[in-house]
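Below: the structure, in structure tokens.
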Amino acid sequence: APARCVGFLRTFAGVKILVIRFSSIGDIVLTSPVLRCLKQQVKGVEVHFLTKAAFAPLVRHSPYVTKVHTVQDDLGEVIGALKRERFDLVIDLHHNLRSWRVKRALGAPSHSFSKLNIEKWWMVNFKRDRLPRVHIVDRYMATVAHLGVRNDGAGLELHVPDEHAVAPADLPSTHRNGYIAFCIGAAHFTKRLPPHRLIELAHLLPGAM
């Protein structure tokens, strides 16, 4: 099926691909290279994105996404709408029970992100680090490698609509020559850097006092 799918994608325009990533903020931003590279490297592709409603603004303004589909509490409500889209391929960047339900319902060829659950289990329970030294963006990109799509190295993107943009002249004078921002929050406590580590990181940055 993957080989036939590759040939189909390279031959016909108007192909629809559904990318799934339900949450959360950082993880969805990390999918942005996949969206960009798919759109720029697969001729005529139409990229759709499925996520939780709360995170839709993160991809709604992307020039590489044709349509954002959202899920609230009931996954069944969105599955009917997804079926009507008749997707040719599903790229599952979440890989959990809910994304499996979507793939099963759509019946389209799919490729899924490897969450390395066994390696994580070894790390948590036995402190044995068997995780590959591969950036998560490149692990995401591996799900579209069979299409001939490669990481362009252009980094992450977050597209802000014009009405929310801030003009450089409106920034405080201390911020006009460039600045680095930290997002110090996280939904789970174990994903938050403690204050002393944040301070250490700040002192390592170029120009730190």
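Just a few scattered comments:
- Residues that are under 17 Å from GLN40 (Cβ atoms) and assigned to a loop (DSSP other than H, G, I, E, B) were ranked within the range 130-149; the one that is least open to solvent (accessible area, probe 1.4 Å) is VAL149.
- When ALA81, ALA108, ALA56 are checked against the criterion of being over 16 Å from VAL34 (Cβ atoms), in contact with an Asp or Glu (Cβ under 8 Å, 6 or more places away or on another chain) and of a type in the set (A, V, I, L, M, F, W, C), a single residue qualifies: ALA108.
- Filter result (open to solvent by less than 10 Å² (accessible area, probe 1.4 Å), among the aliphatic types (A, V, I, L, M) and outside any loop (DSSP other than H, G, I, E, B)) within the range 49-77: LEU50, VAL59, VAL71, LEU75
- Scope the range 150-179; condition out of contact with any Cys (no Cβ under 8 Å at 6 or more places or on another chain), surrounded by 10 or more Cβ atoms within 10 Å (Cβ to Cβ) and part of a loop (DSSP other than H, G, I, E, B); matching residues: ALA154, GLY155, LEU156, GLU157, LEU158, HIS159, VAL160, LEU171, ARG176, TYR179
- Within the range 88-99, residues that are free of Cβ contacts under 8 Å to residues at least 40 places away in the same chain sit with their Cβ atoms under 9 Å from residues that are surrounded by fewer than 22 Cβ atoms within 10 Å (Cβ to Cβ) and part of a strand (DSSP E or B), at 6+ positions apart or across chains, in these pairs: HIS95/SER112.
- The set of residues in the range 84-94 being surrounded by fewer than 18 Cβ atoms within 10 Å (Cβ to Cβ) and either in contact with an Asp or Glu (Cβ under 7 Å, 6 or more places away or on another chain) or not in a helix (DSSP H, G or I) (or both) consists of ARG86 alone.
- Exclusive hit being under 19 Å from the mean Cα position of the chain (by Cα) and under 22 Å from ARG60 (Cβ atoms), set VAL144, VAL149: VAL144
- If you check VAL15, VAL102 for being more than 17 Å from HIS159 (Cα to Cα), surrounded by 21 or more Cβ atoms within 10 Å (Cβ to Cβ) and either more than 12 Å from the chain's Cα centre (by Cα) or at pLDDT below 95 (or both), only one passes: VAL102.
- Within the range 110-129, no residue that is of a type in the set (Lys, Arg) and open to solvent by 80 Å² or more (accessible area, probe 1.4 Å) sits with its Cβ atom under 7 Å from a residue that is modelled with pLDDT under 90 and in a strand (DSSP E or B) at 6+ positions apart or across chains.
- Within the range 18-42, the set of residues being aliphatic (A, V, I, L, M) and open to solvent by 20 Å² or more (accessible area, probe 1.4 Å) comprises ILE25, VAL29, LEU30.
- Within the range 146-160, residues that are over 22 Å from VAL90 (Cβ atoms) have Cβ atoms under 7 Å from residues that are open to solvent by less than 70 Å² (accessible area, probe 1.4 Å) and assigned to a loop (DSSP other than H, G, I, E, B) in these pairs: HIS159/SER62, counting only partners at least 6 apart in sequence or on another chain.
- Pairs with Cβ under 6 Å, 6+ apart, first in the range 51-75 and free of Cβ contacts under 8 Å to residues at least 60 places away in the same chain, second in a loop (DSSP other than H, G, I, E, B) and open to solvent by 80 Å² or more (accessible area, probe 1.4 Å): ALA53/GLN72
- Of the criteria (1) under 30 Å from VAL124 (Cα atoms); (2) modelled with pLDDT of 85 or more; (3) part of a loop (DSSP other than H, G, I, E, B), which one CYS183 fails: (2)
The values are calculated or read from the model by the stated rules, or taken from the named source; none is laboratory data. The structure presented is a predicted model; accordingly, all values stated were derived computationally and were not measured. Glycine also receives a Cβ, built like all others from the backbone with ideal geometry; neighbour counts cover every protein chain displayed. For the accessible areas, the whole protein counts, side chains as well, though only heavy atoms, and no ligand, DNA or RNA atoms are used. Shrake-Rupley method; radii C 1.70, N 1.55, O 1.52, S 1.80 Å.
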